[in-house]
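Notes to accompany the following structure.
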Amino acid sequence: MPVSRYMELCLTHPEHGYYIARDPLGREGDFITAPEVSQMFGELLGLWAASVWKAMGTPDAVRLIELGPGRGTLMMDALRAIRVLPPFYLACHVHLVEINTRLRDKQRATLVGVKNVHWHDSIDEVPEGPSIILANEFFDVLPVHQMVRKETGWHERVVEINAAGRLAFGTAAEPTPRFEVLLPPLVRAAPVGAVFEWRPPLEIMKIARRTREFGGAALIVDYGHTRSDAGDTFQAIARHTFADPLKSPGLCDVTAHVDFQALAQAAEDIGARVHGPVEQGAFLRRLGIETRAVTLMSKANAQVSEEVASGLKRLTEGGRSGMGSLFKVLGVSHPSITELAGLTDNPAPTEPSIAARTNVG
């Protein structure tokens, strides 16, 4: 079967899929996402959403949508920051797109007391209207197609059973007709043996259409590359370490890097405006994460201050353990919104006093 179908089954098979009934997050799980690293991440995204709401003309009702909301940590932290702007907080109707029943239960527990929270299996189910969309580590788990260049053309990479009875990679017998005409410029001269990955643009087109037709913006944060190029990034993670993606299907997280150039092109083709991408570290610094960290540490004991400093470092710096350069941030908005906070060199259009007043914990 194609790699894309294998990935889809590993993650979303109704009985054995990795994301159907388990909680993969945290130290006891397989990986940790930015909202679990530090509350600052969600708080700043909440203030980012507030700046979008102002740019939209402060509508009385707005859908605050999160795709793949994990345990609800990001939304909880965002809403805590948003509370300092009561008109925006009251205007928000929270919509969480989540297929994992176990994580839905944890989201309900995290967001207990928050009114106007709704759950959906797809963004298609979210009512139409002005929207602010957050998608942190959502696109990397969408099934990816892999194509391998051979002397005869571009062949789809597949997962098959080898002579030893084990899963192995192979290629389709026949090349995909005229696939080369769809290739981005950097890939056209790729050598024999090169791998090119692509995802169908359906989800980014849904996001772009919603922002274009009803107003608002989306923020996409994920790990990946800013230019479409050849390379094999299909990988598995289990217990915070890399694993063989063919060894334990359904028992580990399988992902591939996000092609941000392809996302941006698809959004522009729909008629939305694109902002960025920029590296996560630069984005968070422009939003004032360093100021926020100082504020938190000034009110905390030594242990908490050390945790805040560690979270700041991991979210903004590069290197093997840092997320600052590997992760990118892309904005998609209605054409009338010409700037989005953190995605230009201009200071974020949020009040410094708001960040300073946001409560700890």
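Brief remarks on what is shown
- Among the residues of the range 96-150, the ones that are without any contact (Cβ under 8 Å) to a residue 40 or more places away in the chain and aromatic (Phe, Trp, Tyr) come to 1 in all.
- Residue match in the range 22-39 (condition: on the phi > 0 side of the Ramachandran plot and modelled with pLDDT of 95 or more): no
- In the range 97-116, of all residues being part of a loop (DSSP other than H, G, I, E, B) and touching a helix residue (DSSP H, G or I) at 6+ places or on another chain (Cβ under 9 Å), the one that is modelled with the lowest pLDDT corresponds to 100.
- When 258, 254, 278, 187 are checked against the criterion of being touching a Gly at 6+ places or on another chain (Cβ under 7 Å) and surrounded by 16 or more Cβ atoms within 10 Å (Cβ to Cβ), 258 stands alone in meeting it.
- Selection of first residues in the range 300-325 that are under 19 Å from residue 42 (Cβ atoms) and of second residues that are among the acidic types (Asp, Glu) and surrounded by 17 or more Cβ atoms within 10 Å (Cβ to Cβ), restricted to Cβ pairs under 8 Å at least 6 apart or on distinct chains, gives the following pairs, ordered by first then second residue: 324/279.
- Of all the residues in the range 308-336, those that are assigned to a loop (DSSP other than H, G, I, E, B) and over 20 Å from residue 274 (Cβ atoms) number 10.
- Wholly within the range 198-252, strands (runs of 3 or more DSSP E) carrying at least 1 residues that are acidic (Asp, Glu): 216-225
- Residue match in the range 119-129 (condition: in a helix (DSSP H, G or I) and not charged (D, E, K, R)): yes
- All positions within the range 57-96 that are over 22 Å from residue 38 (Cα atoms) and among the small types (Gly, Ala, Ser): 57, 61, 91
- Against the conditions (1) at pLDDT 90 or above; (2) closer than 21 Å to residue 157 by Cβ; (3) surrounded by fewer than 20 Cβ atoms within 10 Å (Cβ to Cβ); (4) of a type in the set (A, V, I, L, M, F, W, C), residue 205 satisfies every one except (2).
- The range 281-307, subset part of a helix (DSSP H, G or I) and of a type in the set (Lys, Arg), residue surrounded by the most Cβ atoms within 10 Å (Cβ to Cβ): 292
- Any hit, the range 75-96, residues being in the same structural domain as residue 211 (by TED's automatic domain parsing), within 22 Å of residue 143 (Cα to Cα) and either surrounded by fewer than 24 Cβ atoms within 10 Å (Cβ to Cβ) or at pLDDT 95 or above (or both): yes
The values are calculated or read from the model by the stated rules, or taken from the named source; none is laboratory data. All values reported here derive from a predicted model rather than from experimental measurement. Don't worry about glycine lacking a Cβ; one is built from the backbone with ideal geometry, like all the others, and counts go over all protein chains shown.
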